[in-house]
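Data block below; observations after.
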Amino acid sequence: AKGRAYSVEPSQLPTGRGDGVPSSSLVEVQDGAHVMFCLAGKADTPVMVASSGGYGFLAKISDMVSNRKAGREFMTLNDDEIPLMPFEYQDSPGNYVASVTEKGKLLLFSIAELKYQPRGRGMIVMGLDESDRLAAVAVSDKQTLTVTGRAPRSGKTDKLTLSGEKLAHHALKRARMGRVLPRKLKMPLSIQVAQ
């Protein structure tokens with residue numbers, strides 16, 4: 001929750017069908033912090049990372065690896081920001097970044113507008129209103145995208161799939177504020193890409 005990355009070799013994880021072991025026995029998490037997300041993959045797997053404050057960058061799993069139990073500094077966060085779920089992707093000439101805010105604004109832009117860096121704060125992914133926060137990011141080369149959230153009245157999971165002109169309506173430049181989704185969705189919001 002404080003932007004540090006920790007790594008564990010698969011051989012350190014217990015085998016079998018039990019409950020496993022607490023992550024605190026595998027890594028030394030800072031005071032007041034907790035493990036938020038886990039990734040598994042090859043060292044050269046590209047990953048997009050971002051914070052609720054609207055900043056993000058492109059990295060690789062290898063940039064998160066440390067041989068120290070205390071991990072390594074990876075993401076620079078302000079006190080009021082949290083890291084978002086990292087998004088693993090495959091390199092493709094048609095890749096674009098999709099980002100959605102807690103208030104339901106969606107922005108798409110070419111991945112070429114975002115930089116690779118091994119650590120840091122990154123660049124502005126999406127402009128935010130003062131009371132809004134970035135909720136999720138994804139990378140895709142497909143012309144269909146699904147945003148999942150909760151229906152405002154029922155509270156049930158609701159999926160909104162966009163393609164064609166409805167998807168293109170949200171394609172602008174990096175750091176813009178995006179455009180409101182055609183239907184209201186409440187948190188938690190996530191983005192799924194077609195495989």
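Taking K and R as +1 and D and E as -1, what net charge do the other residues with C-beta under 9 Å from the C-beta of Tyr55 add up to?
Neighbourhood net charge equals 0.
Measure up Lys69/Lys103; Lys42/Lys186; Lys2/Lys156; Lys103/Lys166 against 28 Å on the Cα-Cα distance and list the ones that go over.
Listed pairs above 28 Å: Lys69/Lys103; Lys42/Lys186; Lys2/Lys156.
So, how do all the Cα-to-Cα distances of the range 125-173 break down into 5 Å bins, in percent, from 0 on up?
Reading the bins upward from 0: 5, 14, 20, 24, 23, 12, 2.
At a Förster distance of 30 Å, what's the computed FRET efficiency of Arg176 paired with Arg153, Cβ-Cβ distance as r, to 0.05?
So the FRET efficiency works out to roughly 0.50.
Assuming R0 = 41 Å, what is the FRET efficiency of Glu113 and Ser11, from their Cβ-Cβ distance, to the nearest 0.05?
0.55
Which whole number in µm²/s is D for the range 1-47 by Stokes-Einstein, with the Kirkwood Rh taken over Cα pairs at 10 °C and 1.306 mPa s?
It comes out at roughly 127 µm²/s.
Under 8 Å for C-alpha pairs, at least 6 residues apart: give me the relative contact order for the chain, rounded to a whole percent.
So the answer I get is 22 percent.
For the chain, what is the Kirkwood hydrodynamic radius in Å, using each pair of distinct C-alpha atoms?
Roughly 17.7 Å, rounded to one decimal.
In a Gaussian network model over the chain where Cα atoms closer than 10 Å are linked, find which of Leu58, Leu160, Leu128 has the largest mean-square fluctuation.
In the Gaussian network model the winner is Leu160.
Net charge near Lys166: determine it from the other residues with C-beta under 15 Å of the C-beta of Lys166, scoring Lys and Arg +1 and Asp and Glu -1.
Combined, the nearby Lys, Arg, Asp and Glu give +4.
Which aspartates and glutamates have a Cα less than 19 Å from the Cα of Lys115, not counting those fewer than 8 places away in the same chain?
Asp44, Asp63, Glu73, Glu88, Asp91, Asp141
Assuming R0 = 35 Å, can you tell me the calculated FRET efficiency for the pair Thr146 and Asp44, based on Cβ-Cβ distance, to the nearest 0.05?
Working from the Cβ atoms, E equals 0.80.
With only alpha-carbon atoms counted, please give the Rg and Dmax of the range 16-106, in Å.
Gyration radius and largest Cα-Cα distance of the range 16-106: 15.2, 43 Å.
So what does log10 I(q)/I(0) come out to for the range 50-150 at q = 0.10 Å⁻¹, using the Debye formula with one equal point on every Cα and no solvent?
-0.28
Suppose every Lys and Arg Cβ carries +1 and every Asp and Glu Cβ carries -1, with no other charges. What dipole size does the range 1-102 come out with about its Cα centre, to the nearest 20 debye?
Computed about the Cα centre, the dipole is about 340 debye.
Values quoted throughout were computed directly from the atomic coordinates according to the rules given, and no laboratory measurement underlies them. Since the model is a prediction, treat every value here as computed from it, not as a measurement. Note that each Cβ is placed from the backbone with ideal geometry, even for glycine, and that neighbours are counted across all protein chains shown.
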